[in-house]
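Quick notes on the structure that follows.
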Amino acid sequence: MANQAVPVTREPAKPVRSSFDWGKFFTYFILILGAVVAIVPFLATISISLMNLTEATSQTFIPSTPQWGNYIQAWQEADFSEFFFNSLQIALITVAGEVVFGVLAAYAFARMEFPGKNLLFGLFLATLTLPQAITWVPNFLTVSWLGKVTPLQWIDNWPALTIPFMASAFGIFLLRQFFQQIPDELWDSAQIDGAGHLRYLIQIVLPLSKAPVLILALFGFLGSWDSLAWPILVTRSLDWRPISFGLQSFLQEAGSFVHLQMAGAIITILPILVIYFFTQRQFIEAMTRSGLKG
Amino acid sequence: MSDTAIPSQTQSKATPKQTGLAIFSGRRGLKRREALLAYLFLSPAIIIIGLFGLFPLVFSAYQSTRAGLNNVVGRPDGLGQYVRAIDNLAYVLAFWLALFCLVVAIRNVNEIFATARAKEESPWRWLLPAFLSAAGLALMLWLIFTFMPGVLEIGEQLVGFTAEERNELFPQFLAEAWRAPGVSSTFYYALLAFFLSGLTYFLIQKNSKPTLRDGLYTGKWVTAVFLVILAGALIWLTFTEIQTAYAEALEEGESLAIWAQMVTISAGFVLLLLSWLVWRTAAHRDSNMQTFLRFFAAILLMVGGWVLISELPVVIAEGDEDWWISLRTTIFYVIGALPAELFFGLVLATMLYQEIKAKGLFRMIYFLPYITPAVGAAAVFKVLFSGNPTGTVNILLASLGLEPLRWLNEPSGVNQLIGQSLNFTVPEWAAGPSLALVVAIIFGIWKYTGYNVVFFLAGLGNISREYYEAASMDGAGRWAQFRHITLPLLSPITYFLTIFGIIGTFKAFNTIFVLRTGAALGTMDTASLVIFDAFNRDTRIGYAAALGIILLLVILSATALLDRFAKGRVFYG
């Protein structure tokens, strides 16, 4: 689309090329256009979230005076403190499990020899292609069965929300890629020093892999924060419903209070964005380094 | 954890002290200890991924053969749930799935013989242990189907007891379920099969010449035999199901078209397949023959297509309309979103892969939508693309002097809307995705383009500069360089992103769950949402499971088709 814009405006001006690089201009034009498209929804949201009711339901773009009280009102009306805390709890428990189990499994795949290694790894990766929708029914039945059979309450409690996600094939794959890049010499010298696998893992491998572990934790946190279908299925009371559920029902309740809805959306998004801004460099690097070597 | 690791350490340290033969056994012991430790490390992941990632596949298959509403242990219903969803096509699909299993089995056997011929040895001797293993596997699978009702019942029986009572009763109930007819015996037969398999395998290996001692064939034999057993079971199931359905229909005095439909639809597929095969062989013939074969293939294609086009709508009309529409919606969604995501991702990545200021900033901004929680971002789009005239996008349209649109509240297809503005009516079948779905597609493009940018950037970084230098010396322009160097060398990444994009868009739930409105009349409901509604709103457990299995088959065949298409087009270095 911008392809046409450049030649149309200055087609005869070719001789000036040496002083002004149209290729560069075109590149920046496309890049900035992309960035604007990516970022405008956020700006619009912030803008709407600061409007008062009349501004939000009329044809205005920018609020006359920012209504910061909208955030407090949305927080209270949608009971976000409860949902926020629930989501935080769910996410932290899930991430803890994901990191510990993921590190152990990835280490076994990267550094140890055992029969059935490739088969098991293949089976783990195969779960990545399964649509969520196929797991809802069986996992719900499994979880409710476990709740009836074991003394632990599963449905409408943390186990149903967290345990099924405590080991992710993606996380194991990501960590394995990093563990494999650690040079063999380190393992050899550790062995000479008499270290076993567990000591080597804790004292050498883990300090070297802070970045990928952090990435796994972030992705786990994001996935948990963003989950909606499964929490709806396995929770019945508000005690354990996550923030995504809170926002979804607030969207339906506060039908025309657009400014409050947008404040709610910002509240939901903000924790993730804050984390992202602090870690984005490692985040993107890990994304690109995780797959695609083969 | 550390307690368990320490003994293995001390033992491994102790090994060098042993002498002679013991060193060999010690080294073997070390290997064994390492394997044990590895399994220990893996055990949490195996339990969780096994129980909540892999087992659901079998569990779904089991649950989909059960009837009953909101009832954990429904009565067996065979293919009934599938028939409810896709009518008689269920039988056709089951039958063809069986044939597909057979074809894969035959290919495995062919490979076995090809390797055997190359190495000049006979692969037959490994058939016996492989057959026993496959039989054991099949019995284990069958065990799940027979044991499951009893096990699930335990949960119901234990309701209302205290924790102590439950601890006491659980083993009792479990033993009871175990004693149900056909459960324990299946298990013991399976164990026997595995044991015999191990024994025969061991004996064969021991009695073979050392050069022959190779497990090369066993795995393939096991797969082949297992697939044959699976195919047999599927064919048996299909035919008994058809017969019962036929008998029922005869009793009710309906005229029944099952057999006719099966034959015509199968014939249609066979003709399409034949056409493809003929077309492919045509490529290797001389020009006269080639023309004739191509002509023949075209005729086959037309006849097959005509048979399918005349018969399929009849079957589809008999099935669950919501489900068919949701599949169409999903396909619209994939076709609308995925190519655009890839295209914009590639454009932005190539632009970004130049001498650019603030590269990191751009990259960060592009990745921002991907990282934003879907529910929050969808809430934003719901407000921006609201059908009210005061919605942000509608204000923009108004400032450009255009009429406001109903966006997320608009159930009519885009082609119909375009037709309306040009004053002619577009027929129902050409309506295209609804405008509401288009908003979802725009959202998908907005959210996932940045993800593709990051991956394309990584791919561009892997392309050696020398290619471009050589090309520009040969006088290739920038477009030619892009077309003949960049695109082919990026093809593995494009392939990866396409496969995962298809899987991801088929999975899409959160966005559409938030974006959908009542006014859009279900035109936004993709397959995942229909499954969710069948389960959560209608509590039709077996039906939801059956739909899940069908969705999986659709995804698998879509990726397999893409794989075929990509073969030879993806260029690896």
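The values are calculated or read from the model by the stated rules, or taken from the named source; none is laboratory data. Just so you know, these numbers come straight off a predicted model, no measurement behind them. A quick note on method: Cβ atoms are made from the backbone with ideal geometry, for glycine too, and the neighbour counts reach across all protein chains shown.
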- Query: Given (1) in contact with a Phe, Trp or Tyr (Cβ under 6 Å, 6 or more places away or on another chain); (2) surrounded by fewer than 17 Cβ atoms within 10 Å (Cβ to Cβ); (3) under 30 Å from A:Ile155 (Cβ atoms), where does B:Gly155 come up short, assuming only one miss?
  - Reply: (2)
- Message: Name the residue that is farthest from the other protein chains (Cβ to nearest Cβ), counting only residues in the stretch A:222-247 that are among the polar types (S, T, N, Q) and surrounded by fewer than 22 Cβ atoms within 10 Å (Cβ to Cβ).
- Response: A:Ser237
- Message: Looking only at the stretch A:124-140, how many residues end up being in a helix (DSSP H, G or I) and either facing chain B (nearest Cβ under 7 Å) or polar (S, T, N, Q) (or both)?
- Response: 11
- Give me a count of the residues in the stretch B:47-58 that are under 13 Å from A:Leu120 (Cβ atoms) and either within 7 Å of another protein chain (Cβ to nearest Cβ) or within 21 Å of the chain's Cα centre (by Cα) (or both). 4
- Query: In the stretch B:420-434, is there at least one residue being of a type in the set (D, E, K, R) and surrounded by 19 or more Cβ atoms within 10 Å (Cβ to Cβ)?
  - Reply: no
- Inside the stretch A:168-198, can you point out the residues that are charged (D, E, K, R) and surrounded by fewer than 17 Cβ atoms within 10 Å (Cβ to Cβ)? A:Asp184, A:Glu185, A:Asp188, A:Asp193
- So B:Arg166 clears everything in (1) exposed (fewer than 15 other Cβ atoms within 10 Å of the Cβ); (2) without any contact (Cβ under 8 Å) to a residue 40 or more places away in the chain; (3) more than 32 Å from the chain's Cα centre (by Cα) except one condition, right? Which one? (1)
- Message: Of everything in the stretch B:319-337, what is touching a Leu at 6+ places or on another chain (Cβ under 9 Å) and assigned to a helix (DSSP H, G or I)? Give them in sequence order.
- Response: B:Trp323, B:Ser326, B:Leu327, B:Thr329, B:Thr330, B:Phe332, B:Tyr333, B:Gly336
- Quick one: which of B:Phe381, B:Phe343 is in a helix (DSSP H, G or I), within 26 Å of the chain's Cα centre (by Cα) and either at pLDDT 90 or above or within 30 Å of B:Val554 (Cβ to Cβ) (or both)? B:Phe343
- Residue within the stretch A:270-289 that is assigned to a loop (DSSP other than H, G, I, E, B) and either more than 10 Å from every other protein chain (Cβ to nearest Cβ) or in contact (Cβ under 8 Å) with a residue 24 or more places away in the chain (or both) present: no
- Message: Test of understanding: among B:Leu551, B:Leu562, which residue is on the phi < 0 side of the Ramachandran plot and more than 8 Å from chain A (Cβ to nearest Cβ)?
- Response: B:Leu562
- Note on the structure: All conditions in (1) among the polar types (S, T, N, Q); (2) on the phi > 0 side of the Ramachandran plot; (3) touching a strand residue (DSSP E or B) at 6+ places or on another chain (Cβ under 8 Å) are true of B:Thr539 except (3)
- Item | Residue check for B:Leu152: within 10 Å of chain A (Cβ to nearest Cβ), without any contact (Cβ under 8 Å) to a residue 24 or more places away in the chain and under 25 Å from B:Gly68 (Cβ atoms) | no
- Would you point out which residue out of B:Leu132, B:Leu174, B:Leu141 is out of contact with any Lys or Arg (no Cβ under 9 Å at 6 or more places or on another chain), assigned to a helix (DSSP H, G or I) and farther than 23 Å from A:Pro138 by Cα? B:Leu132
- In the stretch A:111-123, residues that are over 26 Å from the mean Cα position of the chain (by Cα), more than 7 Å from chain B (Cβ to nearest Cβ) and surrounded by fewer than 20 Cβ atoms within 10 Å (Cβ to Cβ) total 4
- Members of the stretch A:145-181 that are free of Cβ contacts under 8 Å to residues at least 24 places away in the same chain and assigned to a helix (DSSP H, G or I): A:Trp145, A:Leu146, A:Gly147, A:Lys148, A:Val149, A:Pro159, A:Gln181
- Scanning the stretch B:352-376 for residues that are more than 7 Å from chain A (Cβ to nearest Cβ), in a helix (DSSP H, G or I) and hydrophobic (A, V, I, L, M, F, W, C) gives B:Leu361
- Tally time: how many residues in the stretch A:20-62 are more than 10 Å from chain B (Cβ to nearest Cβ) and among the basic types (Lys, Arg)? 0
- Task: Kindly establish whether B:Ala544 is of a type outside the set (S, T, N, Q), buried (at least 17 other Cβ atoms within 10 Å of the Cβ), within 9 Å of another protein chain (Cβ to nearest Cβ) and in contact (Cβ under 8 Å) with a residue 40 or more places away in the chain.
- Result: no
- Message: Can you say whether B:Leu397 is modelled with pLDDT of 80 or more, out of contact with any helix residue (DSSP H, G or I) (no Cβ under 7 Å at 6 or more places or on another chain) and outside any helix (DSSP H, G or I), as far as the supplied structure shows?
- Response: no
